[in-house]
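Report on the structure given below.
All of the numbers you see were taken from the coordinates with simple rules; none came from a lab. The structure presented is a predicted model; accordingly, all values stated were derived computationally and were not measured. Every residue, glycine as well, gets a Cβ built from its backbone with ideal geometry; the counts of neighbours run over all protein chains shown.
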Amino acid sequence: MIRQLLAGIGIALALAGCKQDPVTADPALWHVVGSRGEEAWLFGTIHAAPTPIAWKTPKVADALARSGTIMVEVADLSDEAKIASAFNALAHTEGLPPVEQRVPTAQREGLDALLAERKVEARDLQAFETWAVALTLARPADDKDSRNGIDRAVLGAAADKPVIELEGARRQLAIFDALPEADQRDLLRAVLTDAEALDGKDEDLAETWRKGDMTRIEVETRTGILADPELRKALFTDRNLRWTARIVTAMNQGQRPFVAVGAAHMAGPDGLVARLAGAGYTVTRVP
């Protein structure tokens, strides 16, 4: 789940690659209704997948058609130059210690291995803040996986509906930039600890998402970086609180938002589904 979470943070990824037939899916979708008839739909996405996915099932297509607006984490995913510029503006600081000095001795061999796998030289990351090193290493080994991200597909299907941006790439990256150095190093350690999962579990996680298995997704949200209390608060709980408020505002304004954000943000007592239900809305999973 680390890579799925971090892949949603807007580092520009290449979109080149050959076309493949999409695999079928039955992803999780919820309908939210308020006491005055206000509506929203919650659609948990994955930000990267090894193969194309036929995500637009009849129930999802119906929800999209009935919605008035599309609500996503980042609206301009296709503007790679803008996203890269935001990353570079925040990522660099001079005078930082070498990257290998920012990880425990026991993890330096793993750091070297991951750098080699990503074809990145440690000296090229010297001026990168620790969070930026972590995100760089958490990128897919094969960047084309992001081409299959459901966020991009939803935006492509938005047609002429207004798009509401919950954060934007710069604000997402700023969450990492604001982390204390100790938490940034925790993030980097978690990426190194889960290095095998970054690539080896992609297919399993995509399969879990395609089945709409929210029980498994919730389990994943309690591992890795989200098991760290400070990182969980910054990257998960606080964001869900802000997003819940934005969704409620959009509903109250009659915008009928179709909310497409990472599926992890739907899971558990801190997820959007539970938050909105706790706020008095009727939240029903669409069969």
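What to note about this one:
- Exposed GluC sites (Glu not before Pro) absent: longest stretch of the chain, with sites in DSSP loops and at most 14 other Cβ within 10 Å deemed exposed: 122-287
- Modelled label positions at GLU181 and GLU100, each set 7 Å beyond Cα in the direction of Cβ, lie 2.0 nm from each other.
- Over all pairs of different C-alpha atoms in the chain, the reciprocal of the mean inverse distance, the Kirkwood hydrodynamic radius, equals 19.3 Å.
- The length gained by stretching the chain between ARG232 and ASP124 to full extension, at 0.36 nm per residue less their Cα-Cα distance, is 36.0 nm.
- Neighbour cut-off at most 11 other Cβ (10 Å), DSSP loop, trypsin sites (Lys or Arg not before Pro), the range 80-131: LYS119
- Difference of contour (0.36 nm per residue) and Cα-Cα distance, ALA61 to ASP79: 3.9 nm
- Positive minus negative residues near PRO97 (Lys, Arg vs Asp, Glu; Cβ under 14 Å): 0
- The alpha carbon radius of gyration of the range 166-278, expressed as a multiple of 2.2 N^0.38 Å, is 1.14.
- Computed over the chain, the per-residue total of -39500 (n - 2.57) for DSSP H runs of n ≥ 4 gives a 222 nm mean residue ellipticity of -12000 deg cm²/dmol, rounded to 500.
- Cα-based helix-to-principal-axis angle, 181-193 vs the chain, degrees rounded to 10: 90 degrees
- Working from label points 7 Å from Cα in the Cα-to-Cβ sense, the ALA245 to ARG216 distance is 3.6 nm.
- Fraction of antiparallel bridges per DSSP, the chain only, in percent to nearest 5: 40 percent
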